[in-house]
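The values are calculated or read from the model by the stated rules, or taken from the named source; none is laboratory data. All figures in this text were calculated on a predicted structure; none of them were measured in a lab. Neighbour counts run over all protein chains shown; Cβ positions are idealised from the backbone, glycine included.
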Amino acid sequence: MNILFIGGTGNISAACVRLALSEGHDVFLLNRGKRDLAARGIRDATTLIGDINDESGTKNVLGDSTFDIVANFVAFKPTDIERDIRLFSGRCFQYFFISSASAYEKPLRHPFVTESHPLKNPFWEYSRDKIACEEACTRAYRENGFPAVIIRPSLTYETVWPVAIGGWDDFTLIDRIRRGGEIVVHGDGTSLWTVTHSEDFARGFNGLLCNTAAIGHSFHITSDEVLTWNQIYTTLAEAAGAAPKLVHIPSDFLAAINDWERGNLLGDKAHSAIFDNTKIKRFVPGFHATIPFHAGIRRTLAWFEADASRRRIIPGVNQTIDGYISAWRNAFSTLHKK
């Protein structure tokens, strides 16, 4: 099987690439060639140097090539899907669009989420764009037989920190915890969430490759482990070797002082969400997530600590956390003085 990954070196996609290579598939990566593949554990993939956003340039790079699978991990706008339909119609057996579980209706009317849950997110443009992308895929499948499969990851990690507030692909939060600094947890920290290691995601995703029954369907792929946000931050701190100092701040308050949190929290992580993985398990028999968070987060920490260049400290992240804590304490103090 020959597989084209658009991107292929990111937090989620690299694990899918590694698994495909280990299974003996011919793997091609279409990207700008700026990431160190060895650092992502990728060997023997063929890199096609190009920018998917340059449609004519991509046509030249692809030439007459055809693929069993095309998987786009970096499509965010419906125009990206429309471009891919032009590029890959008649050129692939299956096309995978990586959407987002944040597309599910917010606020959730039921915490147990299946793929039939409505898609609606008035709080986050990112999620609305992903919904529009899904609609473009579905329309192309229904009207022209474009072989689209929609995948909705939730908070998936390997080389990032799966937290709501405190950074992403930098080392600021771990450094802050180790220095005894306070960290922000939205709400009271008791809402339920699911984090999934990328290697677990890859086992579900790769199991759908060349599965004819999957065409036209949507799937979320997550762990079955359910944690509170307090548990997530505490487990991360324990892996870092320090006791966490949690400061709980209401999500509405955070969204009021930073519009980013309106989408990040009210449009996603402030809500309890428990994902029913029955569908992916039915299409990929034997699939289940095997990496518990307490073990997976130690892998992430080891990856960061293996190379000093990965341990970047971003002052703006600390400033944002300090600003949230200061604003909340000032508001709380003012309220209790009245």
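What residue, of Leu87, Leu108, Leu62, is modelled with pLDDT under 95 and out of contact with any strand residue (DSSP E or B) (no Cβ under 6 Å at 6 or more places or on another chain)?
That would be Leu108, the only listed residue that is modelled with pLDDT under 95 and out of contact with any strand residue (DSSP E or B) (no Cβ under 6 Å at 6 or more places or on another chain).
For segment 142-173, enumerate the residues that are among the β-branched types (Val, Ile, Thr) and more than 22 Å from Ser223 (Cβ to Cβ).
Once the filter is applied, which keeps residues that are among the β-branched types (Val, Ile, Thr) and more than 22 Å from Ser223 (Cβ to Cβ), segment 142-173 yields only Thr172.
Confirm whether Asp26 is at pLDDT below 95, in contact with a strand residue (DSSP E or B) (Cβ under 8 Å, 6 or more places away or on another chain) and over 26 Å from Ser100 (Cα atoms).
Considered against the rule, which asks whether it is at pLDDT below 95, in contact with a strand residue (DSSP E or B) (Cβ under 8 Å, 6 or more places away or on another chain) and over 26 Å from Ser100 (Cα atoms), Asp26 comes out as no.
Give the residue that is surrounded by the fewest Cβ atoms within 10 Å (Cβ to Cβ), with candidates limited to residues of segment 114-148 that are in a loop (DSSP other than H, G, I, E, B) and without any contact (Cβ under 8 Å) to a residue 12 or more places away in the chain.
Once the filter is applied, the top-ranked residue is Ser116.
If I ask for residues that are over 14 Å from Asp188 (Cα atoms), among the aromatic types (Phe, Trp, Tyr) and in contact (Cβ under 8 Å) with a residue 12 or more places away in the chain, which ones from segment 249-293 would you list?
Answer for segment 249-293, where residues must be over 14 Å from Asp188 (Cα atoms), among the aromatic types (Phe, Trp, Tyr) and in contact (Cβ under 8 Å) with a residue 12 or more places away in the chain: Phe275, Phe283, Phe287, Phe293.
Is segment 153-162 home to any residue that is in contact with a Pro (Cβ under 8 Å, 6 or more places away or on another chain) and over 20 Å from His117 (Cβ atoms)?
For segment 153-162, residues in contact with a Pro (Cβ under 8 Å, 6 or more places away or on another chain) and over 20 Å from His117 (Cβ atoms): absent.
Among the residues of segment 66-113 satisfying the criterion of being without any contact (Cβ under 8 Å) to a residue 40 or more places away in the chain and either of a type in the set (Gly, Ala, Ser) or in contact with a Leu (Cβ under 7 Å, 6 or more places away or on another chain) (or both), which is surrounded by the fewest Cβ atoms within 10 Å (Cβ to Cβ)?
Gly90
Looking for whichever is out of contact with any helix residue (DSSP H, G or I) (no Cβ under 6 Å at 6 or more places or on another chain), among the hydroxyl-bearing types (Ser, Thr, Tyr) and surrounded by 18 or more Cβ atoms within 10 Å (Cβ to Cβ) here; the options are Thr278, Thr320, Thr290. Which one fits?
Every option except Thr320 fails the conditions.
Look through Glu182, Glu158 and report the one residue that is of a type in the set (D, E, K, R) and under 20 Å from the mean Cα position of the chain (by Cα).
Selected residue: Glu158, the only one of Glu182, Glu158 that is of a type in the set (D, E, K, R) and under 20 Å from the mean Cα position of the chain (by Cα).
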